[in-house]
Amino acid sequence: MADVPQRFPREPDAPEYIKVPVGDLCFDLENPRLGGSGKHKNKEEIREYLERPPHYALELVASIVENGFLPYEPLIVRKQDDKFVVIEGNRRLAAVQSILADPPGKYPEDVINRLKEIPVLVFPGGDRKGESEEVLKYLGVKHLFGFRDWPPASKAMFLDKRVKSNKDIAQVLKELGNVSRQEAARYLIPYRLTKAAKEAFEKVNVEDFWSLAESFGRKGIKVYIQLDVDRRTMQVKSYDPIKLRYLAQFLYGKKRCVTDTRKLSDLSDVLGSPAAAKKLERGATLDEASLYIESKEETIGDLLRKLEELFRKIKTLSPGKEDSAKILRVTEEFTRKLKK
């Protein structure tokens with residue numbers, strides 16, 4: 001391997017900094033960034049997956065072409081036979097592979113030559129069954145709540161694996177920089193629930209993990225699915241599978257009524273009312289179901305007050321004859337329907 005930087009004698013367990021050919025680097029099929037889907041893709045499919053949202057590997061191409069591969073940000077790898085599996089840096093590897101795969105002549109020859117070998121940090125003892133403590137701590141601090149960002153689902157997957165390998169959630173949170181239990185719960189609980197209740201989510205595409213995570217911060221939603229969690233371990237103890245299946249539909253499926261997290265409070269209010277929740281389950285829209293949160297008399301009273309306020313606003317605008325005629329026609333039509 002050419003151009004290996006001069007280095008001092010290192011400790012037996014210390015990572016080794018070297019340069020390796022790009023062809024010797026492999027994507028980590030179980031990497032949290034891939035959301036568990038890496039096992040079902042070949043290397044070209046993984047590269048294309050990382051190029052698209054939410055990973056945007058192609059956004060790195062311009063910087064790499066201009067500046068080369070920065071020597072002080074090596075990929076984190078582990079040796080596997082005669083190859084190197086990239087534990088951290090799969091997105092950057094995808095960007096480099098994209099550059100090298102483009103038609104000849106698209107980039108200057110010196111750019112291509114500089115990228116044929118790139119720097120890596122080889123961590124010893126990083127077998128897949130028990131990734132080394134040094135690697136796990138590095139990844140957790142850097143990505144989970146640090147200066148590098150993973151999608152929420154990837155963070156949840158990594159945190160769950162880290163807790164399982166350590167078995168002490170307090171110690172894991174401490175090594176990650178004293179992350180609060182409440183913040184960790186926002187990732188762990190929805191992730192563990194989707195694993196425990198695969199049948200509830202098998203027919204929907206959980207494209208926005210954060211909607212699910214945020215939903216469990218709403219009291220009405222937690223009460224609706226009867227979610228019971230062990231506060232100490234953050235393990236899911238029990239839930240109502242039928243209600244959870246409905247929630248999955250409200251968030252992601254055919255009955256979807258939440259298109260962004262701002263609607264979660266409205267959904268929580270509806271699901272917190274048995275009568276309103278039943279309407280939503282039967283196909284009502286979120287706005288229609290919200291009419292049943294209170295009693296019929298209370299809701300009609302609220303709507304009448306809003307109607308009076310609406311007419312006061314219209315009067316303030318001093319509508320002309322044409323607009324007044326339109327208002328009268330709408331009012332008369334509404335009156336006729338009420339009499340029926």
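The values are calculated or read from the model by the stated rules, or taken from the named source; none is laboratory data. The structure displayed is predicted, hence computed values, not measured ones. Please note: Cβ atoms are built from the backbone with ideal geometry, for glycine as well, and neighbour counts cover all protein chains shown.
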Fill in the blank from the handout: Going through (1) in a helix (DSSP H, G or I); (2) modelled with pLDDT under 85; (3) closer than 16 Å to GLU117 by Cα one by one, GLU73 fails only at (1)
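Hey, among the residues in the range 228-239 that are part of a strand (DSSP E or B) and over 22 Å from PRO274 (Cβ atoms), which one's nearest to the chain's Cα centre (by Cα)?
Ranking the candidates gives VAL236 first.
So, in the range 240-260, of the ones that are of a type in the set (A, V, I, L, M, F, W, C) and in a loop (DSSP other than H, G, I, E, B), which residue ends up farthest from THR285 (Cα to Cα)?
VAL258
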Practice task
Starting from residues that are surrounded by 15 or more Cβ atoms within 10 Å (Cβ to Cβ) and of a type in the set (A, V, I, L, M, F, W, C), keep the ones in the range 10-45 and report whichever is modelled with the lowest pLDDT.
Solution key: LEU34
Problem - Enumeration of residues in the range 41-70 that are more than 17 Å from ALA101 (Cβ to Cβ) and part of a helix (DSSP H, G or I) - result: SER63, GLU66, ASN67
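For LEU139, indicate whether it is over 14 Å from ASP24 (Cα atoms) and either among the β-branched types (Val, Ile, Thr) or at pLDDT 60 or above (or both).
Against the criterion (over 14 Å from ASP24 (Cα atoms) and either among the β-branched types (Val, Ile, Thr) or at pLDDT 60 or above (or both)), LEU139 qualifies.
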Handout entry: Check on GLU117, at pLDDT below 90 and either more than 30 Å from LEU176 (Cβ to Cβ) or out of contact with any Pro (no Cβ under 8 Å at 6 or more places or on another chain) (or both)
Key = no
Problem - In the range 66-117, the residues that are touching an Asp or Glu at 6+ places or on another chain (Cβ under 7 Å) and over 23 Å from GLU16 (Cα atoms) - result: SER98
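Among the candidates ILE189, ILE242, ILE225, ILE221, single out the residue that is among the aliphatic types (A, V, I, L, M) and either over 25 Å from LYS279 (Cα atoms) or under 17 Å from the mean Cα position of the chain (by Cα) (or both).
Checking each option against the conditions leaves just ILE189.
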Problem - Residue pairs meeting the criteria (Cβ under 6 Å; at least 6 apart or on separate chains; first under 21 Å from TRP210 (Cβ atoms), in the range 262-287; second in a helix (DSSP H, G or I) and of a type in the set (S, T, N, Q)) - result: LEU264/SER215; VAL270/SER290
Handout entry: Pick from the range 267-299, criterion of a type in the set (Val, Ile, Thr) and touching a Leu at 6+ places or on another chain (Cβ under 9 Å), ranking: farthest from CYS257 (Cα to Cα)
Key = THR299
Exercise for the section: Any residue in the range 320-338 that's assigned by TED's automatic domain parsing to the domain that holds LEU304: show its pairings with residues that are surrounded by 11 or more Cβ atoms within 10 Å (Cβ to Cβ) at Cβ separation under 7 Å, as long as the two are six or more apart or on different chains. Expected result: ILE327/ILE314; ILE327/PRO319
Problem - Set ARG162, ARG186: member being at negative phi, in contact with a helix residue (DSSP H, G or I) (Cβ under 9 Å, 6 or more places away or on another chain), free of Cβ contacts under 8 Å to residues at least 40 places away in the same chain and surrounded by fewer than 21 Cβ atoms within 10 Å (Cβ to Cβ) - result: ARG186
